[in-house]
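Just so you know, all these numbers are worked out from the coordinates, no wet-lab data involved. A quick note: this is a predicted structure, and the numbers were derived from the prediction, not measured. Every residue, glycine among them, receives a Cβ derived from its backbone with ideal geometry; neighbour counts consider all protein chains shown.
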Amino acid sequence: MAQAYSPGLTVTDNIVLKKDRILPLKGEVLVKKGDILKAEDLVAQTLLPGKVLPINLANKLGVTANMVNQFIKVKAGDNVTKGQILAESKGFLGMFKSSVKSPIEGEIESISTITGQMLMREPRIPVQVKAFIDGIVVEVIPDEGVIIENKSAYIQGIFGIGGETTGEIKILAKSPQDIITPDYIDASCKDKLIVTGAMVTLDVIKKAQQIGCAGIITGGIDDRDLKNLLGYNIGVAITGHEEIGLTIVVTEGFGVIDMAQKTYELLKQFEGHKTSMHGKTQIRAGVMRPEIIIPLPIGEEELKAEEPKMATLEIGTTVRIIRQPNFGKIATITALPEKLTRVESETMVRILEAELEDGTKVILPRANVEVIED
């Protein structure tokens, strides 16, 4: 047995998952331990502070800062409406008054007689956290959120864009090698997670946006189409916050890459099933992969999640090749020689022997593969 050098991707028809659903700051938790939830159910909510807007009252009233209190008509903590008078000078004989009106609806944060400034805060922004997956609340974190567990069929992707979404799986590709055209997408795809085979083109993405698809699951995507879709290069930042009207999960990589047979068959097995999906991806420290989660019927007694094990290379293990010339292809390990072998770069490395899905035999450095975990 030897450990894999690259993180593995999980593709399985049965796994116990645990998901943290946490607010960005403290708020109210709406569920309790043991509650059985649907993906759409709210679990927690809070209010984020609005933006601060400074107003120079002394300057607008034409007075010194220490005189502002004589003319102010509101106090810290008051809620005000747009256009409401905040301060007003007495003028001369009741004439030539100067007034300051609120430019926004919001709250008075503070008033300073030292600077003559008033700080206003825009209305608080409501934030709601949903369950995202069907499951059972196994732990409540007071004022912060919950931990939800469920049993699911589960697929990790290589790359994704777009946030959390749910919908039923709809298979449009006739095979893992198929590349669909926009004509495949019609009104029946609305709110669905469509499976497009080896590639999704920009034309297909635009048609899916127009129809109202919830998401796209594809083997590959062209990076130029991705740039044209977003209007910028992705770089190394975390994805998953793009507002493009749908979520895209790429299971294999960039370019035309056949979707792994196992992945395609699993999606086909669960066609029509409600599924949760997100495109959040982070390649650097704290690796995060996009996920496709298909909830399975479950009883609370079945939730016995095991500690995750490190991916390992063994004879019979399914791997994906992550370097050219066979980039993206799926193979099964047939041998793991222990002896160091000299490769093209003249370095001495441990290798493995594997068989591709078409029966071709290949010899690869072990660092050139990642495990597809069952």
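For this structure, a couple of remarks:
- The chain - charge dipole about Cα centre, Lys and Arg +1 at Cβ, Asp and Glu -1, debye rounded to 20: 1660 debye
- Among Glu144, Glu164, Glu338: highest mean-square fluctuation, GNM of the chain, C-alpha pairs under 10 Å: Glu338
- For the range 1-159, alpha-carbon Rg relative to the globular expectation (2.2 N^0.38 Å, N residues): 1.74
- Taking the chain as a Gaussian network of alpha-carbon nodes connected by springs under 10 Å, the highest mean-square fluctuation of the residues Lys51, Lys190, Lys18 belongs to Lys51.
- Dipole magnitude (debye, nearest 20) for the range 52-121, charges at Cβ of Lys, Arg, Asp, Glu: 200 debye
- Exposure proxy shown here: for Met259, Met199, Met288, the number of other Cβ atoms within 10 Å sets the order, fewest to most, as Met288, Met199, Met259.
- Across q = 0.09, 0.18, 0.20 Å⁻¹, the range 158-289 modelled as identical point scatterers on its alpha-carbon atoms has Debye log10 I(q)/I(0) values of -0.21, -0.93, -1.17, in the order of the q list.
- In terms of distances greater than 31 angstrom between alpha carbons, the cross-link table entries Lys26/Lys190; Lys207/Lys280; Lys82/Lys207; Lys18/Lys206; Lys33/Lys206; Lys26/Lys262 yield Lys26/Lys190; Lys82/Lys207; Lys18/Lys206; Lys33/Lys206; Lys26/Lys262.
- Cα lying deepest toward the dipole's positive end in the range 82-203, options Leu172, Ala153, Thr113, charges on Cβ: Thr113
- Most fluctuating residue given options Ile351, Ile104, Ile221, as computed from a GNM of the chain linking Cα atoms under 10 Å: Ile104
- Calculated FRET efficiency for the pair Glu168/Asp13, C-beta based, R₀ 22 Å, to 0.05: 0.80
- Inverting the pair-averaged 1/r between distinct Cα atoms of the chain gives 24.4 Å as its Kirkwood hydrodynamic radius.
- With each label modelled as a point 7 angstrom along the Cα→C-beta vector, the Thr332-Gln209 pair spans 4.2 nm.
- For Val250, Val29, Val362, Val369, order by how many other beta-carbon atoms lie within 10 Å, fewest first: Val362, Val29, Val250, Val369
- Residues of type aspartates and glutamates that Lys101 reaches as a straight line, Cα spacing below 18 Å, ignoring anything fewer than 8 places off in the same chain: Asp78, Glu88, Glu109, Glu122
- Ellipsoid semi-axes for the range 52-121, based on the Cα gyration tensor and the rule √(5λ), read 19, 14, 9 Å when sorted largest first.
- Between the range 36-115 and the range 161-187, the alpha-carbon center distance in angstrom: 51 Å
- Think of the chain as a dipole: +1 on every Lys or Arg Cβ, -1 on every Asp or Glu Cβ, centred on the Cα centre; then among Thr218, Val11, Leu267, Thr218 lies furthest on the positive end.
- Taken about its Cα centre, the range 172-294 carries a charge dipole of roughly 260 debye when the Cβ of each Lys and Arg holds +1 and the Cβ of each Asp and Glu holds -1.
- Ranking of Leu86, Leu25, Leu267, Leu202 by count of other Cβ atoms within 10 Å, fewest first: Leu25, Leu202, Leu86, Leu267
- Each principal axis of the range 204-258 carries a Cα extent, and these read 28, 26, 17 Å when sorted largest first.
- Relative contact order %, the chain, counting alpha carbon pairs below 8 Å whose residues are six or more apart: 19 percent
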